[in-house]
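For reference, the structure is listed below as structure tokens.
Values in this text are rule-based calculations from the coordinates and carry no lab data. Values in this document were obtained by computation on a predicted structure and should not be read as measured data. We place every Cβ from the backbone using ideal geometry, glycine too, and count neighbours over all the protein chains shown.
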Amino acid sequence: MTKTEFLDTVTAQVRCKRVRPVIGEELEQHISDQAREYEREGLEAKTAEEKAVAEMGDPVEIGVELDRVHRPRMSWGIVALTGLIAVAGLFFWAVFLGGVSAGPGERVELLRYAFRQHILASLIGFPLMLVVCLADYSFLGKHAKGIALVFLLLLYGGTLLGGRQLYSGPVFFLFGGVSIHAAALIWLYLPIFGALLYVYRGGGWSAVGKLVLWGLAGILYPRMLGGQFSLALIFGLALAALFSLAVLKGWYRIRKKPVLGTFWGLVLGVPLALIVSVHLGLLPSGADSAYSYRMQRLLSFAGEGDESYQTQMAGELLDHSRLLGGSPEGMTFAVESLPGYQTDYSFTSLIAVFGIFGGVLVMTALLLLIAGIFRISLTQKNQLGVTVGCAAGLALFVQTLESILMNLGLFPPTSATLPFFSLGGTGQIVIYLLIGIALSVCRYQNILREEPRRADCGERESVFRIRLGRGVLTYERRNEPRGV
């Protein structure tokens, strides 16, 4: 059998067309290396190649084994857990709506409308998640700069030209009868930024400077919307965490420890210095100071000033919640006295319906989902998959953490979203898209290979290993140095 016939037979057994060229390239290299060894022993070129091919073993058996290893892989556990949490969210609001149906007519009608929107978003979002999962996420790495530029232009341009602020609240894009919450879309920029981190790997301070500019472009968008300071802060922290991951992996020609120490010192030190200054009397505090409303809320959380009305109402509702089971009085209290009970304070409303134990159970399920996303992301061999998958997990984690801490009074009152439980359309669909991206990373983990860095002189590991178990072929290509 010739080398060409052997390679054609092997790759014909592999159903994933994407990985066939990679397998063929690796096997051809191995055969050529072995044939050169035989030539040095004195065999003719043709005879050496035939002997190298014969020693490879049965091409059909090799191909079947490679097909088993290198095929798209679905994380059905993540899919099932996502569906379970989504159904729990719908069930929660159905119970809540039933418990307050006899309440104030206008408020109940608004809740009923928001619930219908939430159901529609789930019916759109879950299938969309599966479609995104089937897509090859590596296009983010190939076109990261272009995708980031187009995405930012659409956000900024759409807001300037077509954004509408409804009732002095959030900004929406209006398309006929469809409204899109502008601020919720910014979380899709996090996986794009993860791809940018991958693209600039191997660079020095110039690459880091460009990444800072890309990051600032995303952080400034929530500030442009007005009333979104907290979103800009939380989103900035997520970008910082993702950037730190890339630095720790040694992707850039900079000193890791001094850079990260200085970076996080500034990120965490400025707010801490502000709070300490107020406590020491170096800065004025209280309602008569010249601080903005947002700063007043931050200072009240730090112990300077009165507690916000929302925090007081949420605390009162939690204090009277049951350990297990709902409280109709608590649901009515939430509708009548707790602003944002269906969005920002949905976790508090959840406890009013299912009790403290139900709230803990939901929180555990969300954290398990996020942990699963991080697990499949951090175990990737493809570094693009690591940053893109972790970006999706970070987006869910910071939103969940912010919402729960704020509802428990451990974070300043602000606009927060609890995935699957805060009523909304755009935010809900964005969450499904992020999970779909993470599932795509898992699906293609045994198919995509690492692209070399231009400025790297390190080693590259073979994209696959063949172990047939019966001694037919055990092939593990040695690490090879790459040139600059």
Percent RCO, i.e. relative contact order, over region 301-407, from Cα pairs under 8 Å lying at least 6 residues apart: 24 percent
According to the square roots a ≥ b ≥ c of the eigenvalues of the Cα gyration tensor, what is the shape class of region 1-140, taking rounded for a/c under 1.5, prolate for a/b larger than b/c otherwise, and oblate for the remainder? prolate
List the chymotrypsin sites (Phe, Trp or Tyr not before Pro) within region 124-209 that fall in a DSSP loop (any state other than H, G, I, E or B) and whose Cβ has at most 15 other Cβ atoms within 10 Å. 167
Once you sort the root eigenvalues of the Cα gyration tensor of region 185-230 as a ≥ b ≥ c, which label holds: rounded (a/c under 1.5), prolate (a/b larger than b/c) or oblate (the other case)? oblate
Test of understanding: what is the full-extension gain from residue 40 to residue 109, defined as 0.36 nm times their sequence separation minus their Cα-Cα distance? 16.4 nm
Long-range amide H partners of residue 18 with built H, under 5 Å: none
Gained length - residue 259 relative to residue 329, 0.36 nm times residue gap less alpha-carbon distance: 19.9 nm
For the pair residue 268 and residue 224, how long in nm is the line joining their label points, each one 7 Å along Cα→Cβ? 3.2 nm
Of all trypsin sites (Lys or Arg not before Pro) in region 165-268, which ones are in loop regions per DSSP and have a Cβ with at most 15 other Cβ atoms within 10 Å? 249, 253, 255
Students often check this: by mean Cβ neighbours within 10 Å, which of 20-30, 322-332 ranks highest, and how do the rest follow? 20-30, 322-332
For region 381-451 versus region 197-233, the gap between their alpha-carbon centres in whole angstrom: 18 Å
Add +1 for every Lys or Arg and -1 for every Asp or Glu among the other residues with Cβ under 12 Å from the Cβ of residue 442, and state the total. +3
Compactness check, region 389-430: C-alpha Rg relative to the 2.2 N^0.38 Å globular estimate gives 1.17
What FRET efficiency comes out for residue 91 versus residue 319 if R0 is 35 angstrom and r is the Cβ-Cβ distance? Round to the nearest 0.05. 0.90
With r defined as the distance between the Cβ atoms of residue 179 and residue 128 and R0 fixed at 30 Å, what FRET efficiency is calculated, to the nearest 0.05? 0.95
Cα to Cα, under 24 Å, and not fewer than 8 places away if on the same chain: which lysines meet these conditions relative to residue 46? 3
